[in-house]
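In what follows, a structure is listed as structure tokens, so that the remarks can point back to it.
The values are calculated or read from the model by the stated rules, or taken from the named source; none is laboratory data. A quick note: this is a predicted structure, and the numbers were derived from the prediction, not measured. All Cβ positions, even for glycine, are placed from backbone atoms using ideal geometry, and neighbour counts span all protein chains on display.
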Amino acid sequence: MASAAAPGSGVARPLLEVTDLSVAFKGHKEIVTVVDHASFSLRAGETLGIVGESGSGKTVSSLALLGLLPASARVTGSATFDGRQLVNMPARKLRNVRGNDISIIFQEPMTSLDPSFTVGNQLAEAYRNHRGGSKRAATARAAEMLRLVGIPEPQRRLGEYPHNFSGGMRQRVMIAMSLICSPKLLIADEPTTALDVTIQSQILELLKSLQAELGMAMIFVTHDLGVVASVCDQVSVMYAGQVIEQSPIDDFFTRPLHPYSAGLLDSMPQSVAKGERLRMIAGTVPPPSRIPVGCRFNPRCQYAVEACVVTAPDLEATGDGREVRCIRHAELSLEISR
Amino acid sequence: MSDATEVTGVTDGTDGTGPSGATPLLRVRGLRKIFPVRKGVLRRTVAHVRAVDGVDFDVGTGEILGLVGESGSGKSTTGRLILRLIEPTEGSVELDGKDVRALGGEQLRKARRDMQMVFQDPYSSLDPLATVADVVGEPFQVHFKMSRKERDKKVVELLEQVGLGSHHLRRFPAAFSGGQRQRIAVARALALEPKLIIADEPVSALDMSTQSQVVNLLLDLQQRLGVAFLFIAHDLSIVHHASSRIAVMYLGALVEVGDAEEIYTRPRHPYTEALLSAIPVPDPQVERDRERIVLRGDPPSPLNPPSGCRYHTRCNYAMDICSVEDPQPTPTTSGGTVACHLHTSGPTLNGRPLSELGSVQTIPVRPSTTS
């Protein structure tokens, strides 16, 4: 899985490059910005983890890429995928990208599948929508996909309805559906959060092996740092609508650059001896309507100085392929002990 | 990892199910709940779900016992059976030596003062139309008929216990974040000074940065007030951290009970081993190096559990006997119990079961803190 550079591209040009992506919704009185100038990129075949707590904007940014937000959302900035601009792409063109070049799977597989159609019907439809061809060919492809994702007796199961499948099996069906047109990028939005740990590990192993086999890139939206360590090459951490750090995972887990990243890693039970008080980040994530002035993390940051309350830091490249949004990153050395 | 068991001095409970020492605070024996499955116009019973199928364990005074398992394992049902929020089909639940199941009416109400519950989702467990003063103060009204003024005074004290200020008194749940709501729920559970709090997944609905705040709160309360907890969760790493002992549940039965550190570092039951192996570790190096045990298939339906050991359909070590005979809990060298044929009918070396020689061993998730 180790970031295989895109085959054929000398200089690894990113497959997806997101720059200053912002998403705002019109509230009752004012306009609420939920994602604020988010930037991240990933190369072909690579896996990027987008990590954040609820309300950090991680899901909204991934939905914005695919134009899946409600009409009331105002999306600005740029997201180039394979040379095409996704932001404000006409709906008809975007529909061709969605499910074809970029696919998405969601947290709750039951609500993503239509209960009144057979699994085979839904899989075949997804294929014929983009690739056309006969029903028979599409059904054959559907069976092939079910086999690929490890569902026993694919031919028989094609004729069954979603409720006949267990949670883990449904998520496999979703994965089969999302990969049926061989996308270059798969966005997985908390794909294992609703599943039990033993099923989660099956799905993670499946996604890893499929990626090795098919060579697609993945964006993994998650709040679970263990999942990030297990499947990702790069990680983008979001806090209160902003990307606050992007790092390769080995750097991130040993030497995080942002105090929030360090706080998250430190608050895991693995960081302290058993029975001791867990380390924690004081306070809570601010709602979008009450974003602090200056650095958004400053009220909760143990390293905050006066300047942090005044200036909003930019996302800065550190030169070694990492980026961070903290004015003190150079002087802080945040090692994680474990 | 040497044989740290004896060194750590995990003392042997009388029958391995309980903490060492005198009469436990809570003693659960043979607890069973069978739900009928009804179908058709006549609501005829067509099948039975054995949600909890003969469970034995103890919780000591001031102890935190972790109860882990996957969805459908019956861990939440167990918690509710203890409080008699669901009526057990069979078995006994003794609190302080008194059989809770034999109580009725006023006596049951009194017994319930000693046992309280904190639910998983603080968004649905608090009445959105009741202020904090109402929510936390209600037990005082129900049990002691206190006046509003007295109640408010008590509530402020409780809010302080859980780290919330008195200015929150007249606010509604909507004004609070998930972590704060869970604190309110904990304050309500503490109101009657219970001896035991059953916490059903108290942190799994919370954001990661607030999870540790709530875990710390529970640890504080245990240390400061000596409240015992039955900590029900699916996240073994948090349960390991907070509990002194852990009970692992699979399809309605306990497969292993024992010292938390032992279970975490030297699991005796293949299911515990697989469960530990399934948890992704927040360390990319460890994740790359380790061999993950990927369990085959899904957990079987509790409607139709496998014969013999209910885990044998997914077990990597299953033997012939496993599909025939249901293994009984047997004591382990470290003072816990395990229900697995490997420990009684498994292959032996020098007269000792292989499993006790450390062949069933998980990856060291992190260096054992006891060694």
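Cβ-Cβ distances below 8 Å connect the following pairs, each with a first residue in the stretch B:270-281 that is within 12 Å of residue B:295 (Cα to Cα), a second residue that is in a helix (DSSP H, G or I) and among the β-branched types (Val, Ile, Thr), and a separation of six or more residues or different chains: B:272/B:263; B:274/A:198; B:275/A:197; B:275/A:198; B:278/A:197; B:278/A:198. Only one entry of A:126, A:79 meets the criterion of being more than 14 Å from the chain's Cα centre (by Cα), crowded, with 19+ Cβ neighbours inside 10 Å and either assigned to a helix (DSSP H, G or I) or charged (D, E, K, R) (or both), and that entry is A:126.
Looking at the stretch A:310-332 only, could you name the residues that are within 24 Å of residue A:233 (Cβ to Cβ) and not β-branched (Val, Ile, Thr)? It would help to see each step written out before you state the result.
Filtering the stretch A:310-332 down to residues within 24 Å of residue A:233 (Cβ to Cβ) leaves A:315-326, A:329.
The answer is A:315, A:316, A:317, A:319, A:320, A:321, A:322, A:323, A:325, A:326, A:329.
Across the stretch A:196-221, which residue is farthest from the other protein chains (Cβ to nearest Cβ) among those that are β-branched (Val, Ile, Thr) and in a helix (DSSP H, G or I)? Can you show your working first?
Going through the stretch A:196-221, the residues β-branched (Val, Ile, Thr) turn out to be A:197-199, A:203, A:219, A:221.
Retained after the next criterion (residues that are in a helix (DSSP H, G or I)): A:197-199, A:203.
Details: A:197: 4, A:198: 5, A:199: 7, A:203: 10 Å.
My answer is A:203.
Out of A:113, A:65, one residue alone is buried (at least 18 other Cβ atoms within 10 Å of the Cβ) and under 17 Å from residue A:43 (Cα atoms). It is A:65.
Restricting A:199, A:219, A:180 to those that are surrounded by 24 or more Cβ atoms within 10 Å (Cβ to Cβ) and closer than 29 Å to residue A:300 by Cβ reduces the list to A:219. Residues that are within 9 Å of chain B (Cβ to nearest Cβ) and buried (at least 22 other Cβ atoms within 10 Å of the Cβ) were ranked within the stretch A:248-264; the one that is farthest from residue B:183 (Cα to Cα) is A:249.
If I go through the stretch B:105-146 residue by residue, how many of them are outside any helix (DSSP H, G or I) and either in contact with a helix residue (DSSP H, G or I) (Cβ under 6 Å, 6 or more places away or on another chain) or on the phi > 0 side of the Ramachandran plot (or both)?
First, the residues of the stretch B:105-146 that are outside any helix (DSSP H, G or I): B:114-131, B:145-146.
Still in the running and either in contact with a helix residue (DSSP H, G or I) (Cβ under 6 Å, 6 or more places away or on another chain) or on the phi > 0 side of the Ramachandran plot (or both): B:116, B:118, B:122, B:125-126, B:128, B:145-146.
The qualifying residues number 8.
Within the stretch A:278-296, restricting attention to residues that are aliphatic (A, V, I, L, M) and within 13 Å of another protein chain (Cβ to nearest Cβ), which residue is farthest from residue A:242 (Cα to Cα)? So that I can check it myself, show each step before the final result.
Just the residues of the stretch A:278-296 that are aliphatic (A, V, I, L, M), to begin with: A:278, A:280-282, A:285, A:291, A:293.
Keeping just the survivors that are within 13 Å of another protein chain (Cβ to nearest Cβ) gives A:278, A:280-282, A:285.
Numbers: A:278: 26, A:280: 21, A:281: 18, A:282: 19, A:285: 12 Å.
By that ranking, first place goes to A:278.
Assigned to a helix (DSSP H, G or I) and either free of Cβ contacts under 8 Å to residues at least 12 places away in the same chain or surrounded by 20 or more Cβ atoms within 10 Å (Cβ to Cβ) (or both) - does that describe any residue in the stretch A:99-106? No, that holds for no residue.
Quick test for you: out of B:232, B:246, B:238, B:293, pick the one residue that is part of a strand (DSSP E or B) and within 12 Å of another protein chain (Cβ to nearest Cβ). Steps first, answer last, please.
Working: B:232 fails: within 12 Å of another protein chain (Cβ to nearest Cβ); B:238 fails: part of a strand (DSSP E or B); B:293 fails: part of a strand (DSSP E or B).
Within the list B:232, B:246, B:238, B:293, the selection yields B:246.
Determine, yes or no, whether residue A:224 is among the acidic types (Asp, Glu), under 14 Å from the mean Cα position of the chain (by Cα) and at the interface with chain B (Cβ under 9 Å from one of its Cβ atoms). First the steps, then the outcome.
Working: among the acidic types (Asp, Glu): yes; under 14 Å from the mean Cα position of the chain (by Cα): yes; at the interface with chain B (Cβ under 9 Å from one of its Cβ atoms): yes.
For residue A:224, the condition - among the acidic types (Asp, Glu), under 14 Å from the mean Cα position of the chain (by Cα) and at the interface with chain B (Cβ under 9 Å from one of its Cβ atoms) - is met.
Do we find a residue being modelled with pLDDT of 90 or more and more than 17 Å from the chain's Cα centre (by Cα) anywhere in the stretch B:4-25? Checked against the condition, which is being modelled with pLDDT of 90 or more and more than 17 Å from the chain's Cα centre (by Cα), the stretch B:4-25 yields no hits at all. Of all the residues in the stretch B:81-104, those that are more than 17 Å from the chain's Cα centre (by Cα) and assigned to a helix (DSSP H, G or I) number 3. Checking each residue in the stretch A:107-121 for being among the aliphatic types (A, V, I, L, M) and in a loop (DSSP other than H, G, I, E, B) picks out only A:113. Checking each residue in the stretch A:129-157 for being surrounded by fewer than 20 Cβ atoms within 10 Å (Cβ to Cβ) and touching a residue at least 40 places away in the same chain (Cβ under 8 Å) picks out A:130, A:131, A:148, A:150.
Of all residues in the stretch B:257-270, those satisfying the criterion of being closer than 12 Å to residue B:236 by Cβ and either more than 9 Å from every other protein chain (Cβ to nearest Cβ) or part of a strand (DSSP E or B) (or both) are B:263, B:265, B:267. Residues that are closer than 20 Å to residue B:284 by Cα, among the hydroxyl-bearing types (Ser, Thr, Tyr) and more than 14 Å from every other protein chain (Cβ to nearest Cβ) do not occur anywhere in the stretch A:167-179. Looking at the stretch A:271-288, can you tell me whether even one residue there is loosely packed, with under 15 Cβ neighbours inside 10 Å and β-branched (Val, Ile, Thr)? Within the stretch A:271-288, none of the residues are loosely packed, with under 15 Cβ neighbours inside 10 Å and β-branched (Val, Ile, Thr). Here residue A:6 passes the criteria (1) modelled with pLDDT of 90 or more; (2) touching a Gly at 6+ places or on another chain (Cβ under 8 Å); (3) not basic (Lys, Arg) except the one numbered (1).
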